[in-house]
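Structure record follows, encoded as C-alpha cells.
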Ligand SMILES: Cc1cc2nc3c(=O)[nH]c(=O)nc-3n(C[C@H](O)[C@H](O)[C@H](O)COP(=O)(O)O)c2cc1C
C-alpha cells in the first residue's frame, strides 16, 4: 500500500541538523522559548507527553506552546496504537511540526506502562504505533530510540528495529548511542553508565543512506557535534549540555550549523525575555518557573556564579519580577 505519511519538509530536515533533546521537567515551554531566542534555527523538543494523559486524561494544557517556538517537535510516550493515533492527531492539530515517539526512556514508571526503551524489544509494535500515528497526523512522525536494551546485541537489533519501523513509513530517527539497562540502573545512571557506541550510529547511516539519522548522547560542545555532521550524519541532538550551557551550544549554532548570522548576546537574550516574563506573571505565573531554565546562561563567563545565585535566591519570592532579573544581570561585570 502506498504510504501517504508526511515524510518531512526540507525545512524540518534542515532544522533537525541540531536539536535540543526532549527532557522531562526541563524542556517545558518556558525553556523552549528561552532557547529559541538564542537560536532561531535549532529544532526544539517538548518534554515527553504520554498518550494516556492526552487521550484519557484530557490534559490538553500539556500541548500549550508559543508560536515563536517553531520549529518544535512534540514527543509522545505510549504503546497503544489507537491511543497514539489520537494523541498524534491532537499534537498535529495543535500545530506541532513533528510528533516523535519515545523509544528510549528507561524510567520505571515508563516501563510499567510498556513504553519507552522497552519497546526496543517490540519493533513490530512500534511499527504498528507509528503507522497509526501517521494515519491522521499532518505532522511528520519520527522516532527516538536507543541502540538496544539489556542483553540485546545492538549490532543485530538496531538494524532490525530501524528496518521494521522504516517499513512503516518513518524516515527520521534519533539514536541515543547507548543501551538502556532496564534492571538495576536509575534513569540518570542510564544516561551515563552504558557505554556510548557512536560508530554503530554512523554505520546505520551508511547502511540506510535514504534515512535521516541524528546521533545523541554525551555530546557536550558544538565542536564535538560538528564532526558527526561532517562525517555524514544528518543531525545531532544535544540534551544536558544544551540545558546547562545553553549559550555555548545554541549561541553560535545558527552561524556554524545553519550558515546564518549570529544572534543576540547573552545580555540581549535576558532583555528579550522580559516581555515574555511579564506576560507570564500577568497570567498568574511565577518568575522562578521561567528563570530556573536561565541559570546556565552565563556559564563560564565572569559573574556566572553571582547571576545564578541571585536568581536562585530571589526569583521564587512573592512579587519577584523583571526587576529581579535585571538585578541579577547587574551581577555580570560586562552587562553592568
Ligand atoms: C532531566 C532529563 C529528562 C529527560 N527526559 C526525556 C524524555 O522525556 N524523553 C526522552 O526521549 N529522553 C529524555 N531524556 C534523555 C535525553 O533526551 C537524551 O537522550 C539524553 O540526556 C542523552 O543526551 P545528552 O547526553 O546530550 O544529555 C532526558 C534526559 C534528562 C537529563
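Read-outs throughout are calculated quantities, based only on the coordinates presented, and are distinct from any laboratory measurement. Predicted, not measured: the structure shown is a model, and the values here were computed from it. So basically every Cβ, Gly included, is an ideal-geometry build from the backbone, and we count neighbours across all protein chains shown.
Worth a mention:
- Inter-site label distance for residue 124 and residue 279 at 7 Å from Cα along Cβ, in nm: 4.8 nm
- Rounded to the nearest 500, the helix-only mean residue ellipticity at 222 nm of the chain stands at -11500 deg cm²/dmol, with each DSSP H run of n ≥ 4 adding -39,500 (n - 2.57).
- Angle between the chain longest axis and helix 266-282 axis [Cα atoms, degrees, rounded to 10]: 90 degrees
- Largest-first ellipsoid semi-axes for the range 266-329, taking √(5λ) over the Cα gyration tensor eigenvalues, angstrom: 19, 12, 9
- For the chain, the longest principal axis of the Cα atoms and the long axis of helix 29-38 meet at an angle of about 80 degrees.
- Acute angle (nearest 10 degrees) that the helix 154-167 long axis makes with the longest principal axis of the chain, alpha-carbon atoms: 90 degrees
- Packing-based ranking, highest mean first, of 322-330, 97-105 given that Cβ atoms within 10 Å are counted: 97-105, 322-330
- Computed Kirkwood radius, in angstrom, where 1/r is averaged over Cα pairs of the range 128-237: 14.6 Å
- Cα-based shape type of the range 10-256, given that a ≥ b ≥ c are square roots of the gyration tensor eigenvalues and the cut on a/c is 1.5: rounded
- Compactness of the range 30-142, taken as the C-alpha radius of gyration over 2.2 N^0.38 Å, stands at 1.03.
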